[in-house]
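Have a look at the structure below before the remarks.
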Amino acid sequence: MIITQQKDIDEIYGMIEPYDKILIAGCDGCCQPPRSVEEARVLGQLLELKAKNNGKDLKWRAITVLRQCDDRIAASTIRPFVGEYDAIISLACGLGVVMMNRVFKDILTFPGQDSMYGGAENAGENFYVEYCESCGDCILAETGGVCPMAGCAKHLSNGPCGGMVDGMCEVGGYEHECAWVKIFERLKKFDRLDLFQKYRPPRDYRLRTSPSFIEINKQYTNEPPEEEAKE
């Protein structure tokens, strides 16, 4: 899931200050913590109060969208309301904000969230942890399911550095476990230290060059390239 963090209320108000009628759209998709209609209502109330303190009467409405990153779902959900408002605040991740602006070209959609990383909630510990950086070159099959890109502060691909002490990472004051120690222990448990000893060449950061594209129809096919098929 995509971990998000709500922007400061002053920053959000600064975005929509020129407008009188605001549509606040929550998202029921993969954002965590959840940013649905309840959170949209709370944000609306805070913005209304802030507007009153500035001598302004702000009109707003809170709704939610199943997934703002899906253009068809976003369009069908938002279209009945969009004509009544001057601007939209999206509580989705950055993907939702971009898609809303693409779908509704005649009205601005502003972000109410900062997208932080791909992660998950640790049950019972009440915090979110980064587990994936979407690097485009997944090596989890070689690291026991522990990601060295997201887990290692230095993005090392071949074992721990000299800043590891007693299994803890120097980055952050030795408060976090070294990802490569966890990888070693995980592979040792399954007698697969041959994977730990494997050398990995420098990462190809071109795979993360923006913008990136994937042609869906060309995925998962065993058909030869068109040039080869003609021979």
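A short reminder: the numbers here are calculations on the coordinates, not readings from a lab. Just so it is clear, the structure is predicted and the values come from calculations on it, not from any experiment. Cβ placement follows ideal geometry from the backbone for every residue including glycine, while neighbour counts extend to all protein chains displayed.
Structural remarks
- Overall, the anisotropy analysis places the range 2-116 in the oblate class: the square-rooted eigenvalues a ≥ b ≥ c of its C-alpha gyration tensor yield a/c not less than 1.5, with a/b not exceeding b/c.
- Amide H contacts of Tyr117 (H built 1.01 Å from N, under 5 Å, at least 5 apart or other chain): Ile3
- Database remark: amide H of Cys178 closer than 5 angstrom to the amide H of Met168, Cys169 (H placed geometrically; neighbours at sequence offset of 5 or more, or on other chains; Pro and chain starts carry no H).
- Phi angles of the range 130-143 translate, via the Karplus equation with coefficients 6.51, -1.76, 1.60 and θ = phi - 60°, into HN-Hα couplings of 6, 10, 8, 9, 6, 7, x, 8, 6, 10, 4, 5, 9, 10 Hz per residue; Gly and Pro are given as x.
- For the range 134-200, a crude dipole built from +1 on the beta carbon of Lys and Arg and -1 on the beta carbon of Asp and Glu, taken about the Cα centre, is about 200 debye to the nearest 20.
- Residues Leu195, Leu207 arranged by fewest to most Cβ contacts within 10 Å: Leu207, Leu195
- Packing-based ranking of 62-72, 47-57 yields 62-72, 47-57, ordered from highest to lowest mean Cβ neighbour count within 10 Å.
- Length-normalised contact order of the chain in % [C-alpha pairs under 8 Å, at least 6 apart]: 16 percent
- Additional length obtainable on full extension of the chain from Tyr199 to Met15, 0.36 nm per residue less Cα span: 61.3 nm
- Between the Cα long axis of helix 179-189 and the first principal axis of the chain there is an angle of about 50°, rounded to the nearest 10.
- Sequence-distant residues sharing a close amide H with Arg35 (under 5 Å, placed H): Cys27
- Principal-axis tilt of helix 94-103 within the chain, Cα atoms, nearest 10 degrees: 50 degrees
- Bridging of Lys188 to aspartates and glutamates at a Cα separation below 14 Å is possible for Glu142, once same-chain residues fewer than 8 apart are set aside.
- The residue among Gly136, Cys30, Ala150 whose Cα reaches farthest toward the positive pole of the charge dipole of the chain, with charges on the beta-carbon of Lys, Arg, Asp and Glu, is Cys30.
- Beta bridges per DSSP, both residues in the chain: antiparallel share near 45 percent.
- Taking Cα centre as origin and charging only the Cβ of basic (Lys, Arg, +1) and acidic (Asp, Glu, -1) residues, the dipole magnitude of the range 2-116 rounds to 240 debye.
- When +1 charges are put on Lys and Arg Cβ atoms and -1 charges on Asp and Glu Cβ atoms, the dipole computed for the chain relative to its Cα centre reaches about 240 debye.
- Pairs of Cα atoms nearer than 8 Å and 6+ residues apart set the relative contact order; for the range 2-116 it is 35 percent.
- Relative contact order computed over the range 68-190 (Cα-Cα under 8 Å; 6+ residues apart), in percent: 15 percent
- Per-residue ³J(HN,Hα) for the range 196-204, Karplus 6.51 cos²θ - 1.76 cosθ + 1.60, θ = phi - 60°, Hz, x for Gly and Pro: 5, 7, 5, 7, 10, x, x, 5, 8
- Straight-distance crosslink candidates among lysines, where the alpha carbon sits under 26 Å from Lys189 and sequence neighbours closer than 8 are dropped: Lys154, Lys198
- The phi-based Karplus calculation (6.51 cos²θ - 1.76 cosθ + 1.60; θ = phi - 60°) puts the 3J(HN,Hα) values of the range 51-68 at 5, 4, 5, 9, x, 10, 9, 9, 9, 8, 9, 10, 9, 9, 10, 4, 8, 6 Hz, whole numbers, x for Gly and Pro.
- Between Glu130 and Ala75, the C-beta separation translates, for a Förster distance of 30 Å, into a calculated FRET efficiency of about 0.40.
- The residues Ser36, Ser90, when put in order of fewest to most other Cβ atoms within 10 Å, stand as Ser36, Ser90.
- Taking 24 Å as the straight-line reach from the Cα of Lys50, the lysines in range (excluding those fewer than 8 positions away in the same chain) are Lys7, Lys21, Lys59.
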